[in-house]
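The values are calculated or read from the model by the stated rules, or taken from the named source; none is laboratory data. These numbers were taken from a predicted model, which means no experiment stands behind them. In this analysis, Cβ positions are derived from the backbone assuming ideal geometry, glycine residues included, and neighbour counts consider all displayed protein chains. Please note that ligands, DNA and RNA were not included when accessible areas were found on the heavy atoms of the full protein model with its side chains. Shrake-Rupley method; radii C 1.70, N 1.55, O 1.52, S 1.80 Å.
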Amino acid sequence: MTDAVRCCIPYLILDYFGKTMSSHVVSKDIEASLKNAGPVAKLEVVLQELCHGKPDNTDDFTWLSYVHKGFSLCDSLSHSLSSLPQDKVELENCANQLWNTSVVLKSKGTVEPTVYAKLRYISFQVVGFVYESSSDVKYLKKQIVMGLKTARAWMECKDYGPADRVLSSLKQTVQQLHCIVGQKDRSGSPLCYKEDKTVRQDLDKDTLWVYCLELELRVAQGKHAEALSAATTAKELVVKVPTECHSVSMLCYNAGVDSYQSQQWEQAVAWLRESYSVTKQGENKDCSSQARTLRLLATCYMEWRCADWAELALNAVSLANQEHPHCAGLFVHLKLLLTSQAEGNAVLHALRSLLQHPDCNLEVCLSTLSLLKKHQSCESAFELREKFLEKQGTGPDSGLLWVMLQDLLLCSDHLEHASTFATEAITAHNTGQRFDDTTKKQLHVLFWGRAAQYCEGGKYTEAIAWYRYSLSLYTSTTGSEPNLGKLHRNLATCYLHTEHLDKAKQSAGMAEVCEPSHPHTHFLVYKVALKSGDTQTAMDSLRKLTQCVARSGQQDEEGIICLAAHKALEYDQVDVAVPALEAVVSQNSSDVHTITALRCLCRLLLDKVGDGRADMKVLLVHIRTGYNKLLVHKETTKTLSSEDVEREVIWFMKLSWNLALQSKDDAFCMKELFNLCSQFLSLCPLDAACYSRNQNCQLMSCAACLQLVRGSEDKNSTQNLLEEVLQHVEEYRMAERRANNSAWSQSPVKSSASSELFLLLFEFEALSKLHDPRAESVLERALTLPHPEPKLFHTLAALAVDGQAKNAQLGMRALKVAIRLQLQADKPDFVKCSIDVRQLIALALNGREEEALTYFRETVDVIETRAQGEYPDTEVLWLMTKSWNHGLQYFNCGKTREAELWCSMSMKLLKYTTSRASYEDQMVSVYGEMMTRLEQEQSDRGSRLEE
């Protein structure tokens, strides 16, 4: 160290601790002064700074920077550095003070483990530097002690690099000690200690601890081979230091435990064997420690499964039990026998030995039962069940022993043992040893689980037995519990399967007492009533069931109504199935379930409608519900695929069509069904078949509406129906236009001639009865039809003069068209023509006598010139009589001239009737009298004119 630096150090220290200035400023001054100083001088300053301890401010980075600087400086110390003796004294004092300071800081918990390790490392390195050339045993032992603790500090931080360097330094120190002791032996004069034996013992102990440190370090580093080598050396040294035998054994044992926990079985076996071997070398053998090591060794053999593992494990655990009989050893022995599948007597003997051990408590029994369950060994447990129960005590977990024994027996193939033990448990519970709620709950779970397995296998009688075991755990004072109600339901279900209907009814009644508002309770009562044929009870329970589901609002419970409907169909109870299906439709939120229920409901009601036991209107309501559901589903949800929707739509459409055709006596239902059929078709993709069906539905709806009109006396109802007819006609036309604009239409779509005629007739009748002037335009359209038939106009005329229409003028016009078309034919049908003539004349006689007389003349002309005897005689007679009577009315009124016109028309027709002889004399006489009076009147009129 230079003189300048030597003089500067005291000044710096005084400046740092004597002046009142910030640590930040002082540290800067110190850093500036140390730039030109050597490593020893720098280290001395840093040590003095660190020896004052860490400031209260835990965020003081300056102090931590000194720690890091000291750590780096001490690594740079080497034998090549020279220093004065007084400097080494100062360094030693600082190192000792820093060592003590680190202990204080650690006890306060104000430094992290890494900082603590660095502080110790600095002290250790400085002391080593100070005594690097010393041959004093005392100072070398001091180095060993400090080195062991420093290495331990680094290992606690899991920083094994510095620990390795410390270990290397320790080995050199130990070697140096051995050289000194050897030199003493050769010279024959003691160097430090007066008693040579004490020196050697201390040296052997220090050497042993260095190798123990190496063992721990190599284990921590995962260097198994090096760790075993260190263990071998330590074991050799234990002979010289037998007092440390237990410590070395524990190090090997801990290494074995670590290997066992990391499932490195081979390494664990090696360490445990070393531990046991070291233990045997000790003066005072610890039998319990040896037994513990052997037990773990046996366990490792079982896990490792090496060659002859069973024999090795058995030897280890047997030796352990000989050394120190313990519950754990007996347990390992039992586990080994079970794992190696030893014979039953050996297992039974091992289990008895374990249970008879005075330290065997409840916890050991529970672990033993878990082990027996894992290896499916229940025979021994059943035989020694009383021994197990003796260990239950009175603690909170005492009932768990009953539960685990019952569980073990249930998991075996000998279920008669389980049944026997269940009976014993129930007897114990009911005769004084009351189980707590937790134990009862767990036993219920076991009993129900076994019963459920029997139910799944169809063994309902056995299931009843286990459910009754569960029921026996309840007392008469037990209140209404949900599980008790469920238990009664399960029993009732099993009784149903075994055809014990009375017991099923009783259990269902008990369930209803326990849970009167539970849907499954009413469903069970419903099933029992169905199977018993009690329709009224079934209907009542179904009503309660639907009310419970409606109140709960749980979608999960909606399915139970579907099951109720299914059960009614299964037992062929149609009267019950119908309301059940109606409940599904009204309460189920699933479109799939609702549509399926509607289809079933419609099928059932079809038979009832056919037998007269149900009204068609009820079926009509359900079909309309089906349409609404399918419409909403198509517009919103997508539960069904488009193919499924189309299939359902077609099914309902066909049903509506067929029912409409069967409703001949109920025009209202016919109309509604045809309307529904058309609505269903609107949900289908538009194609030729769909178009044709829709047109037919519109026509049939028009016909049904008009049929209702003819039987209705209510004006408002009649008007609404007629307007509905016109609406259907318009929809027909619109559908036709849509079809012409569709992609599938390759050519213009044209309705058939018959469809056009029906559409025209329906429109004409509706307009006529509404007294709508557009009826004439319909007649005009009829005239423009290609090849119109007289029958069409005959029908139009009949519709025009119908009681509700009363349009005589329109009717007469239609009749004249019909007569003209008849006469225009190459071979007129005079029979049909005569009918139209009669209607025309009858209409004309009501206020249009001149027209009527003209029609008479034209008719007579047809009869005379064209009929040639083919005109019906009855019609001729009607014309003759009608004109004669009309003339007589005029004659009786004194209108002789008008009378002569009509009567002369009758006289002309007289010669064309076959009944001429019957009328001729009288008619001639009256006609002669009429002519006489006519001449007289003309004469009198002439005389008056002359005057």
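The table that follows gives values for the structure above.
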read-out: Hits in the range 784-824 (condition: assigned to a helix (DSSP H, G or I), of a type outside the set (D, E, K, R) and open to solvent by 60 Å² or more (accessible area, probe 1.4 Å)); value: GLN809
read-out: Flag for GLU236 being farther than 15 Å from SER168 by Cα, out of contact with any helix residue (DSSP H, G or I) (no Cβ under 8 Å at 6 or more places or on another chain) and not polar (S, T, N, Q); value: yes
read-out: Pairs with Cβ under 7 Å, 6+ apart, first in the range 463-483 and charged (D, E, K, R) and in a loop (DSSP other than H, G, I, E, B), second modelled with pLDDT under 90 and open to solvent by less than 40 Å² (accessible area, probe 1.4 Å); value: GLU481/CYS514
read-out: Index of the failed condition, ALA342 passing every other in (1) open to solvent by 60 Å² or more (accessible area, probe 1.4 Å); (2) part of a loop (DSSP other than H, G, I, E, B); value: (1)
read-out: Restricting the range 679-691 to residues that are open to solvent by less than 20 Å² (accessible area, probe 1.4 Å) and touching a Cys at 6+ places or on another chain (Cβ under 8 Å), the residue that is farthest from TYR627 (Cα to Cα); value: CYS690
read-out: Number of the condition not met by VAL860 [criteria: (1) β-branched (Val, Ile, Thr); (2) part of a helix (DSSP H, G or I); (3) open to solvent by 50 Å² or more (accessible area, probe 1.4 Å)]; value: (3)
read-out: Test: TYR469 is crowded, with 22+ Cβ neighbours inside 10 Å, over 33 Å from the mean Cα position of the chain (by Cα) and modelled with pLDDT under 95; value: yes
read-out: Filter result for the condition that a residue is acidic (Asp, Glu) and surrounded by fewer than 20 Cβ atoms within 10 Å (Cβ to Cβ), over GLU648, GLU635, GLU582, GLU558; value: GLU635
read-out: Candidate set from the range 272-295 (those that are over 18 Å from ASN315 (Cβ atoms) and in contact (Cβ under 8 Å) with a residue 24 or more places away in the chain); member that is most open to solvent (accessible area, probe 1.4 Å); value: GLU283
read-out: Residues of the range 84-125 that turn out to be farther than 21 Å from LEU148 by Cβ and in a helix (DSSP H, G or I), as a count; value: 10
read-out: Flag if VAL332 is closer than 24 Å to PRO358 by Cβ, touching a Lys or Arg at 6+ places or on another chain (Cβ under 7 Å) and open to solvent by 10 Å² or more (accessible area, probe 1.4 Å); value: yes
read-out: Within the range 154-184, considering residues that are at pLDDT below 80 and either surrounded by 12 or more Cβ atoms within 10 Å (Cβ to Cβ) or within 14 Å of THR207 (Cα to Cα) (or both), the one nearest to the chain's Cα centre (by Cα); value: VAL181
read-out: First in the range 924-936 and closer than 11 Å to THR896 by Cα and hydrophobic (A, V, I, L, M, F, W, C), second anywhere and part of a helix (DSSP H, G or I) and open to solvent by 90 Å² or more (accessible area, probe 1.4 Å), Cβ under 9 Å, 6 or more apart; value: LEU934/ARG897
read-out: Subset of the range 759-782 [in contact with a helix residue (DSSP H, G or I) (Cβ under 9 Å, 6 or more places away or on another chain), surrounded by fewer than 18 Cβ atoms within 10 Å (Cβ to Cβ) and assigned to a helix (DSSP H, G or I)]; value: ARG774, GLU776, SER777, ARG781
read-out: Selection from the range 605-628 of residues that are open to solvent by 60 Å² or more (accessible area, probe 1.4 Å) and either in contact with an Asp or Glu (Cβ under 9 Å, 6 or more places away or on another chain) or not aliphatic (A, V, I, L, M) (or both); value: ASP607, GLY610, ASP611, GLY612, ARG613, ASP615, LYS617, ARG624, ASN628
read-out: Positions within the range 516-546 being open to solvent by 40 Å² or more (accessible area, probe 1.4 Å), charged (D, E, K, R) and part of a helix (DSSP H, G or I), in sequence order; value: LYS531, ASP540, ARG543, LYS544
